[in-house]
Structure formats: C-alpha cells, structure tokens
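Participant: Supplied in structure tokens, the structure appears directly below.
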Amino acid sequence: MRVDGDASVGSGDRVVIVTGSEGLLGREIARDLAASGDVVIGWDTRGEPPVDVSDLPSVQAALRKVLARHPRIDGLVHAAAWTGRAGLGAADFLDLDLEQWRRVLDVNLTGAFITGQQVARAMVGAPDPSVVMVASVQGLLPTRGRVDYSVAKAGMLMLTRMMAGELAPMRVRVNAVVPGPIGAEEEADRPEATPLGFMGAPSDVSALVRFLLSGAARFMTGGIYPVDGGLTAGFRQEVRRG
C-alpha cells in the first residue's frame, strides 16, 4: 500500500510506514494518511510480501525495499498487534499458556522494539521524523484475563518514553496513542462501553495519529494520548438508559 504528505496536518511528500496495515486500526490509519497525501507503505503478515514485525530479518528485508525506492522515511505508525491464539480466549494469570505469553509479547512489545529501532535509524535526518505507537487502554488499566496483552502494551508505553528521550537529540519525535473500545460502525451504540456512552471508531484513532505525525505536533514527544471515551479518567459510570 502506497500514497503522499508533508509537515502540516495532511498533504505533501512524506513517506510513512504503517505496520499492522491489514488490521482494523492499521487499515484505517493507512487509508487516512493516504487520503491526506502521504506515501504509505503497509507492513503486515497478511500483506504481499508478508512482514513479521517480531522477526528481525523480515523487518530488515522490508526496510531495504522501502529505502531502495524512497530517499528517506518520515513517519512510522506501529499498529501491529496480536491478542492471542484463536480459540484460547482470555486466561487468568494462573492458567495462562506460556506459548501464548511469549507470542503476545513477541508481537506487541518485541515487535515494537525491532520495528522502532530499525526504522528510526533510517528516519534520522528527515525534516520532521515522527513515530507513533498504537498501544491500548489495557496497558494503563489492568484487565482480568489479559495479563499477557496488558503487560505487553504497558511495556510499549515505557518503550515510547525511552525512545522519545533517546531520539530527541536527533529530532525524532515519538508518541503513543492509547485506544479504548473501538469497533465498527454497527458496534458503536454501546452505552456501557465508556463514560461518553458509546464506542469509538477507527477514524477517531487515525485522526490523532495523523496530527501527531504532522508538523503541528512538532513540540510534542514522549506523550501518551488516550482515545478512550473517558475510560482512563477513572469514573465508574452508570449505564445510560434511553
């Protein structure tokens, strides 16, 4: 997947890599950036060729292909995620399968490290390079039965801050968005989902990602930005009835 953009909120000639580009959020983010004029390169295990963010040689090979066609990389959106093996579902701490624990951390945390490190090296020297990590509200609020995913996403948030601090002297900005309950349009009407009384849409996340990649956010780095309908505000809302 490819497209075009610059340092304002939209349009120009930026080159942006989006991982997890075949997923719910990654697909919307890629489409949004493409529509605003960015050149978008999608990486996904379901893509062609497939790219596994948890595998260093796979990421290095994909990156070489990008650099062979483009003189620089301006942005990275790491939206690749894996919540667990189909059929296993959630598992409490005492019952969690070790294989699943390792794979969830490999994709969600090690994948963020590998991709972030490899691509950031290629971003140094770009006019306004920016990385956006797509985390999860489960990394801020412990979720019963999801110790693997919650720990991985919490680690991603600290990785974001560490990258921001170490890459700041090279003017590479690194921020994270923290989606809450996000669903398709037909799933939005769930009053119990958030304090605002509805679920978010993928476009709610992509709009913030697009802003953080842009020059309008040039003084913002190391930030953790929830897009969660108020969940992390800490209120225990009553279910709205209408």
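The values are calculated or read from the model by the stated rules, or taken from the named source; none is laboratory data. All of these numbers come straight from a predicted model, not from anything done at the bench. Positions of Cβ are backbone-derived with ideal geometry, glycine not excepted, and every protein chain shown enters the neighbour counts.
Participant: Pull up the range 212-242, narrow it to residues that are within 21 Å of GLY180 (Cβ to Cβ) and basic (Lys, Arg), then point me to the one that is modelled with the lowest pLDDT.
Facilitator: ARG240
Participant: Moving on to the next point. Check whether at least one residue in the range 73-86 is assigned to a helix (DSSP H, G or I), surrounded by 13 or more Cβ atoms within 10 Å (Cβ to Cβ), β-branched (Val, Ile, Thr) and modelled with pLDDT of 95 or more, and report yes or no.
Facilitator: The answer is no; no qualifying residue exists.
Participant: Among the listed residues ALA201, ALA135, ALA152, ALA193, identify the single one that is at pLDDT below 95 and touching a helix residue (DSSP H, G or I) at 6+ places or on another chain (Cβ under 8 Å).
Facilitator: Being at pLDDT below 95 and touching a helix residue (DSSP H, G or I) at 6+ places or on another chain (Cβ under 8 Å) holds for just one of ALA201, ALA135, ALA152, ALA193, which is ALA201.
Participant: Please specify each residue of the range 18-53 satisfying the condition of being surrounded by 24 or more Cβ atoms within 10 Å (Cβ to Cβ) and either touching an Asp or Glu at 6+ places or on another chain (Cβ under 6 Å) or part of a loop (DSSP other than H, G, I, E, B) (or both).
Facilitator: Within the range 18-53, GLY20, SER21, ASP38, VAL51, VAL53 qualify.
Participant: What's the number of the condition PRO169 fails, among (1) modelled with pLDDT of 90 or more; (2) closer than 17 Å to ILE224 by Cβ?
Facilitator: It is condition (2) that PRO169 fails.
Participant: To continue, here is another question. Could you please find all residues in the range 151-177 being surrounded by fewer than 21 Cβ atoms within 10 Å (Cβ to Cβ) and over 17 Å from ARG121 (Cβ atoms)?
Facilitator: Once the filter is applied, which keeps residues that are surrounded by fewer than 21 Cβ atoms within 10 Å (Cβ to Cβ) and over 17 Å from ARG121 (Cβ atoms), the range 151-177 yields VAL151, ALA154, GLY155, LEU157, MET158, ARG161.
Participant: Same structure again: Out of the range 124-141, which residues are surrounded by fewer than 23 Cβ atoms within 10 Å (Cβ to Cβ), within 28 Å of ASP13 (Cβ to Cβ) and not β-branched (Val, Ile, Thr)?
Facilitator: Those that are surrounded by fewer than 23 Cβ atoms within 10 Å (Cβ to Cβ), within 28 Å of ASP13 (Cβ to Cβ) and not β-branched (Val, Ile, Thr): GLY125, ALA126, PRO127, ASP128.
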